[in-house]
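Some notes on the structure that comes next.
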Amino acid sequence: MEDQLILQWRGRRLSKNIYSEYGSLLLAADTRLTEEMLESLADHRILLTEDDVGPEEDAYRQWVRDAAADMKSICERTRATEEIPIDDVYIRYIPKLRRILDRAGLISVLAELKEMDDYTYHHNVAVGVISTLIGKWLGYDEATLTALSLASTLHDIGKVKVPLSILNKPMALTPDEYELMKQHTVYGYELILKTLGPGRVADVALQHHEREDGSGYPFGLMGPDIDELSKIVAVADVFHAMTSRRIYKDAVPFHQVLEQIRDGSFGRFSPEVTTVFLRKMMDSLIGVEVTLSDGDLAIVVMVHPDDPVNPVVCRKGTFIDLSCRSDLHIAKLA
């Protein structure tokens, strides 16, 4: 009977980190549980409950798809009426986003979003998930997290006023088209201002492409003048955009995305946000299977505090410290 209780979670993913009685991390959130892992936890006198384990795979997949479908409906109604259906955002979409956050791990969500075809809408879901997680990692209170969830959900709403021929163009934009695309920040600000009035949600729509060193748009603002929520959404936006495959470009290798975000903390992105994001993102990969740059599969087993981008992995029973290997990196999540 005890074995059945232990093994009932086999194949499910953890929804939170599991620590030993001494405070050591045993298994990271989003780890897919094996029989060996469950037996090891039992040896530590740890029996999991429903609160520790994420939903069945089919359940969270449906949650993500439902959220993306809601986002598509919200954008289409905004495009048709030039008014954001804010009640739908609050009543239908935000609760779905928070349920995903509470019960499905980040890596599971990103894997599911990667499989979806419509980039525009699943990008909004991904940015909402990642941004709100960063807010949690930074210790934000519930009111600020709610504002961040709403702001990250609506950060790209101004794209509804960009011609579909540009949004859906199956190749890189021309300079003139890119200038028009950049106006989505102003359009989004105006739409949110009309619906909610001035505040942080509108500011995020306007500022999420601004950069610490003044190199962003639309106004070239610098660090102190950019809202902290905008800085969070900027990192989430860039991470998901770069790791996503689109019609006109392949996804950037995972390690290159993290390295560019890390290097951006010396000028383009908030150092506080990027430090927390990189550390927590890589911690969430402990126990997760990844594809290395040579094509082999490996399991992430340890993250260096001073070099989270290059963890220790286990490949075919051999431990490899990627921080000591300039020729080997994490190419993508398996």
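The values are calculated or read from the model by the stated rules, or taken from the named source; none is laboratory data. Computed from a predicted model, the values in this text were never measured in an experiment. FYI the Cβ positions are ideal-geometry reconstructions off the backbone, even for glycines, and counts take in every protein chain you see. Please note that ligands, DNA and RNA were not included when accessible areas were found on the heavy atoms of the full protein model with its side chains. Shrake-Rupley method; radii C 1.70, N 1.55, O 1.52, S 1.80 Å.
Observations on the structure shown:
- Computed with a 1.4 Å probe over protein heavy atoms only, the accessible surface of the chain comes to 47 Å² per residue.
- Entries in 16/280; 161/194; 159/182; 231/332; 72/159; 159/194 that, when Cα-Cα distance is taken, lie over 19 Å: 231/332
- For the chain, the share of accessible area belonging to carbon and sulfur comes to 51 percent (1.4 Å probe, ligands and nucleic acids excluded).
- Residue with peak Gaussian network fluctuation, the chain [Cα springs, cutoff 10 Å], from 233, 309, 125: 309
- Distances between placed amide hydrogens fall under 5 Å for residue 29 paired with 17, 18, all partners being 5 or more residues away or on another chain.
- Calculated FRET value between residue 301 and residue 49, using beta carbons and R₀ = 35 Å, to 0.05: 0.85
- Sorted peptide list for 146-154, 69-77, criterion being average Cβ within 10 angstrom, highest first: 146-154, 69-77
- Two-site FRET efficiency, residue 167 against residue 39, from Cβ-Cβ distance with R₀ of 45 Å, rounded to 0.05: 0.35
- Inter-site label distance for residue 326 and residue 314 at 7 Å from Cα along Cβ, in nm: 3.0
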